[in-house]
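Engineer: Below is the structure I would like to discuss, written out as structure tokens.
The values are calculated or read from the model by the stated rules, or taken from the named source; none is laboratory data. Here the structure is a predicted model, which is why all the values come from computation and not from measurement. As a convention, Cβ positions derive from the backbone with ideal geometry for all residues, glycine included, and neighbour counts pool all protein chains shown.
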Amino acid sequence: MQHELKRSLGVFDGVMILVGITIGAGIYSTPQLIAGYQDSFLTILTLWAVVGAFVYVGGLIYAELGTRLPNTGGEYVYLSRAFGPFAGFIFGWSQLFIIRTSPAAGLAIIAVDYVGHFVELTQTSQTLLAIALIFAIGSLNYIGIKEASVYQNISSIVKVGGIVFLVVAGLALVQGHENLLHESLPPSSDAGPFARFGATMLLIVFSYLGWDRVGYSAGEMKDPRKTIPLSMFFGIALVMLVYLCAIFLYHYVLGMEAVRATKTVASDAATALFGPVGAAFIAVSVIFATTGSINGTMMTAPRVYYAMAKDGLFIPWLNYVHPRFRTPSRAIVAHCLWAVVILLARQNFENIVAGMTFAVLIFYAFTTLALFKLRKDRVGEEGSYKMPLYPLLPGIYFLGILSLILIRGYFEWEKSLIDLAFIATGLPLAFYFLRKK
């Protein structure tokens with residue numbers, strides 16, 4: 001007997017999924033790199049706001065797609081319906097092979113690094129703990145979406161509350177610190193202005209990644225036509241507010257030079273404000289941020305593998321809902337196993353996430369084209385949410401994505417070809433499963 005997924009998620013759960021996935025390592029690992037590409041705080045803050053608005057438009061697009069096709073699987077469903085099963089398969093394969101499993105491996109490494117703030121760990125014990133962390137979160141998702149959402153809600157509240165507390169309490173204490181927002185320095189990168197702009201935008205986009213995955217769990221939402229748009233609106237607005245406040249505090253307390261010089265910008269800012277207790281506070285916040293992001297991804301991405309297998313376009317073994325827990329348990333196991341393979345093969349956060357943003361942007365572009373196609377074909381028209389200023393807003397959004405893809409492809413063409421090769425590994429399997437079907 002084939003069991004159905006249990007519908008138990010509401011708007012608050014959707015917002016927490018979005019916030020939990022999005023606020024991860026990015027806000028702790030990219031500000032210092034971005035400071036090396038730009039010359040002033042005002043420029044940096046402006047670019048963070050621009051990307052935030054850009055992401056908000058993407059949220060409107062995904063809200064409409066999610067209500068037109070309120071089925072578990074997210075972009076896989078949208079691309080398959082708009083362009084056929086081949087496009088859906090390549091997307092789903094890329095999720096498993098690089099896009100969604102890589103963050104689980106990379107974020108587990110960061111979480112363990114911050115555990116090292118409290119307990120001294122050897123290299124071997126760090127690797128084993130990271131693997132254990134992936135399987136622990138996988139086990140939570142295996143036994144139930146509701147159980148996983150409980151931890152998602154807790155981790156999201158703790159990490160958002162933590163960084164908001166850091167900002168609010170920090171602003172209350174900055175009177176004793178010199179205001180360094182005015183500090184301006186020539187970029188430390190020797191790249192040209194256009195290349196530096198592209199690199200900055202990609203780093204900020206990476207920090208916002210995660211907002212798109214709310215629709216993956218549509219099949220487990222009580223009322224997806226209502227839940228998806230509201231989750232997008234409130235979730236993206238909350239993430240944007242938190243990010244802008246954090247960037248403001250980093251540069252106010254540390255200044256451009258100190259932000260560039262550190263690898264732990266949030267911890268340094270907290271230490272400057274609160275002393276040693278600040279470092280411990282940030283360590284705990286980062287642990288919750290990273291594990292919450294892993295959990296949020298695991299609540300969503302395995303549903304893509306399950307949806308593909310259910311359509312006969314992937315390994316049949318993954319088309320399985322656990323009879324007791326009512327979760328896509330085998331897809332969750334596959335997600336964990338491949339994340340561990342990536343962790344063992346690369347063992348470095350920067351190596352793991354390199355090129356991931358580039359691959360994601362390619363599918364963002366195709367998903368935007370899917371909106372135009374589905375609107376033209378009037379798919380799911382009745383009762384669906386319709387984004388404002390169509391086709392102007394999605395058109396601008398598509399051109400923005402295409403520009404970033406071309407900039408990265410031009411200035412880092414070798415890395416871009418490698419990333420495309422990862423995606424292309426799914427081509428033989430796509431032909432096999434589609435021909436078999």
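Engineer: Those residues that are part of a loop (DSSP other than H, G, I, E, B) and either touching a Cys at 6+ places or on another chain (Cβ under 6 Å) or among the aliphatic types (A, V, I, L, M) (or both), I need them from segment 170-185; list them, please.
Structural biologist: Leu180, Leu181, Leu185 - these are the residues of segment 170-185 that are part of a loop (DSSP other than H, G, I, E, B) and either touching a Cys at 6+ places or on another chain (Cβ under 6 Å) or among the aliphatic types (A, V, I, L, M) (or both).
Engineer: Check Lys146 against each of (1) charged (D, E, K, R); (2) surrounded by 15 or more Cβ atoms within 10 Å (Cβ to Cβ); (3) free of Cβ contacts under 8 Å to residues at least 24 places away in the same chain and name the one condition it does not meet.
Structural biologist: (3)
Engineer: Moving on to the next point. State whether one or more residues within segment 405-415 are surrounded by 14 or more Cβ atoms within 10 Å (Cβ to Cβ), among the acidic types (Asp, Glu) and assigned to a helix (DSSP H, G or I).
Structural biologist: Among the residues of segment 405-415, not one is surrounded by 14 or more Cβ atoms within 10 Å (Cβ to Cβ), among the acidic types (Asp, Glu) and assigned to a helix (DSSP H, G or I), which makes the answer no.
Engineer: When the residues of segment 310-319 are narrowed to those that are buried (at least 18 other Cβ atoms within 10 Å of the Cβ) and either part of a helix (DSSP H, G or I) or of a type outside the set (S, T, N, Q) (or both), which ends up modelled with the lowest pLDDT?
Structural biologist: Out of the qualifying residues, it is Leu313.
Engineer: When Ala365 is evaluated against the numbered criteria (1) touching a Ser or Thr at 6+ places or on another chain (Cβ under 9 Å); (2) of a type in the set (A, V, I, L, M, F, W, C); (3) at pLDDT 85 or above, which criterion, by number, is the only one it fails?
Structural biologist: Exception for Ala365: condition (1).
Engineer: Going by the structure shown, is Ala307 farther than 15 Å from Gln95 by Cα, small (Gly, Ala, Ser), assigned to a helix (DSSP H, G or I) and in contact (Cβ under 8 Å) with a residue 40 or more places away in the chain?
Structural biologist: When the stated conditions are applied, Ala307 does not pass them.
Engineer: Hey, among the residues in segment 15-40 that are surrounded by 22 or more Cβ atoms within 10 Å (Cβ to Cβ) and either among the hydroxyl-bearing types (Ser, Thr, Tyr) or free of Cβ contacts under 8 Å to residues at least 12 places away in the same chain (or both), which one's farthest from Arg196 (Cα to Cα)?
Structural biologist: Ranking the candidates gives Thr22 first.
Engineer: Next question. Tell me, please, whether a residue that is more than 23 Å from Phe234 (Cβ to Cβ) and either buried (at least 22 other Cβ atoms within 10 Å of the Cβ) or touching a strand residue (DSSP E or B) at 6+ places or on another chain (Cβ under 9 Å) (or both) can be found in segment 114-127.
Structural biologist: Initially, segment 114-127 is screened for residues more than 23 Å from Phe234 (Cβ to Cβ), giving 114-127.
Filter again for either buried (at least 22 other Cβ atoms within 10 Å of the Cβ) or touching a strand residue (DSSP E or B) at 6+ places or on another chain (Cβ under 9 Å) (or both), leaving 114.
The answer is yes, given that some residue of segment 114-127 is more than 23 Å from Phe234 (Cβ to Cβ) and either buried (at least 22 other Cβ atoms within 10 Å of the Cβ) or touching a strand residue (DSSP E or B) at 6+ places or on another chain (Cβ under 9 Å) (or both).
Engineer: Okay, moving on. One residue is enough: does segment 13-32 have a residue meeting the conditions closer than 30 Å to Leu254 by Cβ and either of a type in the set (D, E, K, R) or modelled with pLDDT of 90 or more (or both)?
Structural biologist: Within segment 13-32 (the criterion being closer than 30 Å to Leu254 by Cβ and either of a type in the set (D, E, K, R) or modelled with pLDDT of 90 or more (or both)), the answer is yes, since at least one residue qualifies.
Engineer: Another question, if that's okay. Which is in a loop (DSSP other than H, G, I, E, B), surrounded by 16 or more Cβ atoms within 10 Å (Cβ to Cβ) and in contact with an Asp or Glu (Cβ under 9 Å, 6 or more places away or on another chain), of Tyr385, Tyr364, Tyr390?
Structural biologist: Exactly one of Tyr385, Tyr364, Tyr390 is in a loop (DSSP other than H, G, I, E, B), surrounded by 16 or more Cβ atoms within 10 Å (Cβ to Cβ) and in contact with an Asp or Glu (Cβ under 9 Å, 6 or more places away or on another chain), namely Tyr385.
Engineer: How many residues are over 20 Å from Ser8 (Cα atoms), surrounded by fewer than 23 Cβ atoms within 10 Å (Cβ to Cβ) and out of contact with any Leu (no Cβ under 7 Å at 6 or more places or on another chain) if we restrict to segment 66-86?
Structural biologist: Adding up the residues that qualify gives 2.
Engineer: Okay, moving on. Can you confirm whether Met387 is more than 17 Å from Tyr56 (Cα to Cα) and either in contact with a Leu (Cβ under 9 Å, 6 or more places away or on another chain) or of a type in the set (A, V, I, L, M) (or both)?
Structural biologist: So Met387 does not fit the description; no.
Engineer: Taking the criterion of being surrounded by 24 or more Cβ atoms within 10 Å (Cβ to Cβ) and among the acidic types (Asp, Glu), would at least one residue in segment 206-214 satisfy it?
Structural biologist: yes
Engineer: On to the next question. I need a count of the residues in segment 18-57 that are under 22 Å from Thr297 (Cβ atoms) and touching a strand residue (DSSP E or B) at 6+ places or on another chain (Cβ under 6 Å).
Structural biologist: 0
Engineer: Say whether the condition of being touching a residue at least 40 places away in the same chain (Cβ under 8 Å), under 16 Å from Val286 (Cβ atoms) and in contact with a helix residue (DSSP H, G or I) (Cβ under 8 Å, 6 or more places away or on another chain) is met by at least one residue in segment 120-136.
Structural biologist: There is at least one residue in segment 120-136 that is touching a residue at least 40 places away in the same chain (Cβ under 8 Å), under 16 Å from Val286 (Cβ atoms) and in contact with a helix residue (DSSP H, G or I) (Cβ under 8 Å, 6 or more places away or on another chain).
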